[in-house]
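Let me begin by presenting the structure, written as structure tokens, before commenting on it.
Where a number appears in this text, it was derived from the coordinates with a stated rule and is not lab data. Being a predicted model, the structure only gives us computed values, none of them experimental. Note that we place each Cβ from the backbone using ideal geometry, even for glycine, and neighbour counts take in every protein chain shown.
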Amino acid sequence: MTSEKKYYLTEEGLVRLKAEYRHLKKLKSLKIKGEFPKVWHSEDLNPEYLSFQEDLNFLEARLMELRKILRYAKLIKIPQKRDVIGLGATVLVEVDGQRDEFTIVGSLEANPSLGKISNESPVGKTLLDHRIGEEVMISSPIKVMYKIKKITYSIS
Amino acid sequence: MPRTGFVWLGIKNPETVAQHSFRVALMNWILAGKVKPKLNLEKIIKISLIHDLCEVYAGDMTPYWGLLPEDPQKRKEILKRWIRLPKKVKEKREKVKFNKEKKSLERLLKNLQPKIKKEIMGCWMECEKLLTREGRFTKQGDKIETLLQAIEYWGPDLSSPVFGWWEEVEDLVDNPILREFLGQIESRFYERKKIDRGLEFLLKVGKLKNMPRTGLVLRGVKDPATVAEDAFLLTLAVWVLNKEKKLNLEKMLKMALIYEVSEVYAKDQTPYEGILPKDIKKRRKILERWPRFSRREKEKRFLRDYQSEKKALQRLTLGLPKNLEIEIIGLWDDCKRRLTPEGNFVNQVYWVAMMMQVLQYWKEDKKFPIFGWWEQMIEFIDEPICLEFMAELKKKFS
């Protein structure tokens, strides 16, 4: 049996993806009902039809992906061990004497500019399972030391 | 690489091939969207991006190559008019130019994977040999963009070299949408009566050709890349690095092209905004490392930049056809906030493309502070293709 990739999401992220799925499904049904070009007469491919087909293909691809994500979605919950870095943890670290803070989230919700780091980024991946007080060396592709100062969980 | 024609005509710091290609791509996308029956916009953007890549080794071979005298004054006189030659001579010269450029492009592409190599070569041939509707449209748009740039340099004065470019487009351009656009250029610059919003948009975006990247200026780079050059590099990188068929490439190419156009009005913000002291030594010290903030502070800074860029983008796109205005703002928002897989991908390619850029500055001057960029990369990147590319960069530049 092959193990499917899990998609870690916060409640908010899950709601957003469900809404996107509903919207795209509705769009697809509208496209099929209303925009399908009528018969093309020559043997040349009708560009209108091609463009329509392209749109529909991407729509279908995204719908398939969303179905897969929603099927294998795993909601990020506050863990029992709150002194260990897991998904959803907001981590206060010290790097070269400076304090930095971010939350570790799943890849689908990451936006480092907003302080949300992916669990699949070199920093996110390496920090997982570490505890307060530990010093963690990130060495891909450069070496940077992260000292873990504080771990908090506040995901609803 | 500055454009040869403008250098010969004495323009100081003329536009580069990358800056030109950026606006050709943006202009062709916007104008091609109006053509019926529909053109393949993804193809139009791709051809626009690579139409001059052959110049990397062949140089910018203008239609005047081999025909200009040494004397600068005589040279300028000839350049003021479009070159007229017998058909046979034209064909012979075209063949020489084509072979030299094809060889140059093949040399440039030789290390790429066969599939993308074939695709780029195919796009170039479509434009060079005018094989398809998309190729013909792009070629015509390419010449119009150059005319527009010439008017921006010399003004509409027809006793200036602008006349030669008008002659060229009058010979070449037959697409009704592009002819209409030429009419708008004429109205705007010669009759000063009709203001077309699409043309105004492209003229304003043209400012990005001369806008140096703040992050590079802060680090003391002489002759830094401009916003337009970075947009060109990003769009090309998105195309080459996209190996995932499921992603909508047309959407991503558009996203890359417009990702930073808001900087026409908004400031080119760096993550160091508001934290750099006046003291140069202290400033350098801070720039050596990636700046660290609390989560709340990051959100605050993101929101500040987001709002100012969105406002700038709304101002820039105001008056464009509504669907285009909505599309541009939507694409930017998607990429900025990483809302869809496409937005997420382009956002990450943006950073690796920047990394590639700054590594080249670092290679030339080892005092260039590079470590902070790497620190950012290890937090910002999680796409496997981008991580792989990052590792390649590390290998190549260490």
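Taking N as the number of residues in chain B, what is its alpha-carbon radius of gyration divided by 2.2 N^0.38 Å?
Numbers: Rg = 21.7 Å, N = 398, 2.2 N^0.38 = 21.4 Å.
Rg over 2.2 N^0.38 Å, computed on Cα atoms: 1.01.
Please list 3J(HN,Hα) in residue order for the stretch A:107-112, calculated via the Karplus relation 6.51 cos²θ - 1.76 cosθ + 1.60 where θ = phi - 60°; whole Hz, with x for glycine and proline.
Those phi angles translate into 4, 5, 10, 5, 7, x Hz.
Can you give me the convex hull volume of the Cα atoms of the stretch A:73-116, divided per residue and expressed in Å³? Please list the in-between numbers first.
Details: hull volume 3.3 nm³, N = 44.
Expressed per residue, the convex hull around the Cα atoms of the stretch A:73-116 is 76 Å³.
On the Cα set of the stretch B:227-303, report Rg and Dmax in Å, please.
Considering the stretch B:227-303 through its Cα atoms, Rg and Dmax are 16.7, 50 Å.
Convert each backbone phi in the stretch B:260-276 into a coupling constant with the Karplus relation 6.51 cos²θ - 1.76 cosθ + 1.60 (shift: θ = phi - 60°), then list the ³J(HN,Hα) values in order as whole Hz, x for Gly and Pro.
Ordered by residue, 3J(HN,Hα) equals 10, 5, 4, 5, 4, 10, 8, 6, 6, 6, 10, x, 8, 3, x, 10, 8 Hz.
Inverting the mean 1/r over all pairs of different Cα atoms, compute the Kirkwood radius of the stretch B:190-238 and quote it in Å. Numbers along the way, then the final one.
Details: mean 1/r = 0.0788 Å⁻¹.
Result for the stretch B:190-238 stands at 12.7 Å.
In the neighborhood of B:Gly343, defined by Cβ-to-Cβ distances under 11 Å, what is the net charge if each Lys or Arg adds +1 and each Asp or Glu adds -1? Walk me through the numbers before you get to the answer.
Working: positive: B:Lys251, B:Lys336, B:Arg337, B:Arg338; negative: B:Asp333, B:Asp334, B:Glu342.
Taking every Cβ under 11 Å from that of B:Gly343, the sum is +1.
How far is helix B:87-109 tilted off the main Cα axis of chain B, in degrees rounded to 10, range 0 to 90?
20 degrees
Return the average number of partner chain Cβ atoms within 10 angstrom of each residue Cβ along peptide A:105-114.
Numbers: counts 0, 1, 5, 4, 2, 8, 10, 11, 13, 9.
Averaged over the peptide's residues, the number is 6.
So how far, in whole Å, is the C-alpha centre of the stretch B:40-75 from the one of the stretch B:324-340?
33 Å
Please report Rg over Rh for the stretch B:4-209, where both radii come from the alpha carbon positions and Rh follows the Kirkwood definition.
Ratio of gyration radius to Kirkwood radius for the stretch B:4-209: 0.95.
Taking beta carbons within 10 Å but only from partner chains, what does the mean come to for residues B:287-299?
Values: counts 0, 1, 5, 5, 2, 10, 6, 7, 11, 2, 3, 10, 4.
Neighbouring Cβ atoms belonging to other protein chains average 5 per residue here.
Tell me which residues come under 5 Å, amide H to amide H, from B:Ala225 once H is placed; ignore anything under 5 positions away on its chain.
B:Arg213
Counting only helical runs of four or more DSSP H residues, what would the 222 nm mean residue ellipticity of chain B come to if each run contributes -39,500 (n - 2.57) and the total is spread over all its residues?
On the way: 20 runs with 259 residues, N = 398.
My calculation for chain B gives -20500 deg cm²/dmol from helical runs alone.
With a ≥ b ≥ c the root eigenvalues of the C-alpha gyration tensor of the stretch B:153-281, is it rounded (a/c under 1.5), prolate (a/b larger than b/c) or oblate?
Details: a/c = 2.43, a/b = 1.46, b/c = 1.66.
Since a/c reaches 1.5 but b/c is at least a/b, the shape of the stretch B:153-281 is classed as oblate.
If you consider only alpha-carbon coordinates, what radius of gyration and Dmax does the stretch B:225-272 have, in Å?
In order Rg, Dmax, the Cα atoms of the stretch B:225-272 give 12.3, 37 Å.
Taking a quarter of the surface of the convex hull around the Cα atoms of the protein assembly as shown, what do you get in nm²?
On the way: hull surface 120.0 nm².
That works out to 30.0 nm².
Quick query: amide H of B:Thr132 versus all other amide H atoms, modeled in the peptide plane; which residues come in under 5 Å with a sequence gap of 5 or more or a different chain?
Long-range HN contacts for B:Thr132: none found.
Relative to the longest principal axis of chain B, what angle (0 to 90°, nearest 10) does the C-alpha long axis of helix B:227-241 take?
80 degrees
Taking each pair of different alpha-carbon atoms in the stretch B:288-354 once, compute 1/r for the pair, average those values, and report the inverse of that mean as the Kirkwood hydrodynamic radius in Å to one decimal. Could the numbers behind the result be given before it?
Values: mean 1/r = 0.0738 Å⁻¹.
Taking the inverse mean of 1/r over all distinct Cα pairs, the stretch B:288-354 comes out at 13.6 Å.
When the convex hull of the Cα atoms of the stretch A:89-153 is projected onto a plane and the area is averaged over all directions, what value comes out in nm²? Mind showing how you got there, number by number?
Numbers: hull surface 16.5 nm².
Hull-based average projected area comes out at 4.1 nm².
Collect residues whose amide H, placed 1.01 Å from N in the peptide plane, falls under 5 Å from the amide H of A:Lys149; neighbours closer than 5 in sequence don't count.
Residues meeting the amide H criterion: A:Leu92, A:Val93, A:Glu94, A:Gly133.
From the phi angles alone, apply the Karplus equation (6.51, -1.76, 1.60; θ = phi - 60°) to the stretch B:144-161 and give each ³J(HN,Hα) in whole Hz, x where the residue is Gly or Pro.
Once θ is set to phi - 60°, the couplings for the stretch B:144-161 become 5, 4, 5, 4, 4, 5, 4, 5, 5, 7, 9, x, x, 3, 7, 8, 8, x Hz.
Give the value in nm², to one decimal: projected area of the alpha carbon convex hull of the stretch B:36-150, averaged over all directions. Mind showing how you got there, number by number?
Working: hull surface 35.2 nm².
Taking the Cα atoms of the stretch B:36-150, their convex hull projects to 8.8 nm² on average.
Can you pull the Kirkwood radius for the stretch B:303-398, inverse mean 1/r over Cα pairs, to one decimal in Å? It would help to have the intermediate numbers written out before the result.
Details: mean 1/r = 0.0657 Å⁻¹.
Over the stretch B:303-398, the inverse of the mean reciprocal pair distance is 15.2 Å.
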